[in-house]
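K.L.:
Pasting a structure here, questions to come.
Rule-based calculations on the coordinates, nothing more; no lab input. Bear in mind that the values here come from a model prediction, so they are computed numbers and not experimental data. Neighbour counts are summed over all protein chains in view; Cβ atoms, including those assigned to glycine, are modelled from backbone coordinates with ideal geometry.
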Ligand code: GTP
Ligand code: MG
């Protein structure tokens, strides 16, 4: 079994779809092992998105993710990383298939509701960053 870090980003919290996202994770059969509502400090946001530090949208990304409370959670199950990314849908919500979280609830790439770890390496790094007590 595997663990993944999921964020319901500030747009997901302000749109009121936290319950919807958690419900989809649970209905899929993934198990919640940690869950917290928090507002990220700039340093945490920069560390979380360090792979994008050189991208032109990095500043915007950090502003956005620190702009309000988010929900961080860890979900566990067989192939949890891939399973959640499949629930989330494509990064660009307009291309995301309806039925996925982004396909159903978002229109803009900069406000695409959720984050999910993209590899076992990033999952381990991100879980350590958000929930050091789980490591
Ligand atoms: P995450 O699960 O959030 O990491 O999304 P992803 O893995 O599908 O995409 P990626 O890691 O490539 O990009 C991280 C986040 O940066 C995306 O989820 C978007 O919210 C944001 N992003 C990506 N491309 C752009 C862009 O061109 N402009 C803006 N404003 N944001 C972008
Ligand atoms: Mg990513």
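K.L.:
Would you mind putting 59-68, 85-94 in packing order, based on average other-beta-carbon counts within 10 Å, highest first?
P.N.:
85-94, 59-68
K.L.:
Let me ask something else. Among 131, 58, which comes first, second and so on when ranked by fewest other beta-carbon atoms within 10 Å?
P.N.:
58, 131
K.L.:
Order by neighbour count: 117, 1, fewest other Cβ atoms within 10 Å first, most last.
P.N.:
1, 117
K.L.:
Now, a different point. Considering Cα pairs under 8 angstrom that are at least six residues apart, work out the relative contact order of the stretch 66-135 and quote it in whole percent.
P.N.:
Once divided by the residue count of the stretch 66-135, the mean separation gives 24 percent.
K.L.:
Considering every pair of different Cα atoms, what Kirkwood radius, in Å, is found for the stretch 10-59?
P.N.:
13.3 Å
K.L.:
Arranged by the count of other C-beta atoms within 10 angstrom, fewest first, what order do 74, 18, 8 take?
P.N.:
Lowest to highest Cβ neighbour count: 18, 74, 8.
K.L.:
With N residues in the chain, what two-decimal value do you get for its Cα radius of gyration over 2.2 N^0.38 Å?
P.N.:
It is 0.96.
K.L.:
Stokes-Einstein at 37 °C, 0.692 mPa s, Kirkwood radius from Cα pairs: D for the stretch 83-135 in µm² s⁻¹?
P.N.:
278 µm²/s
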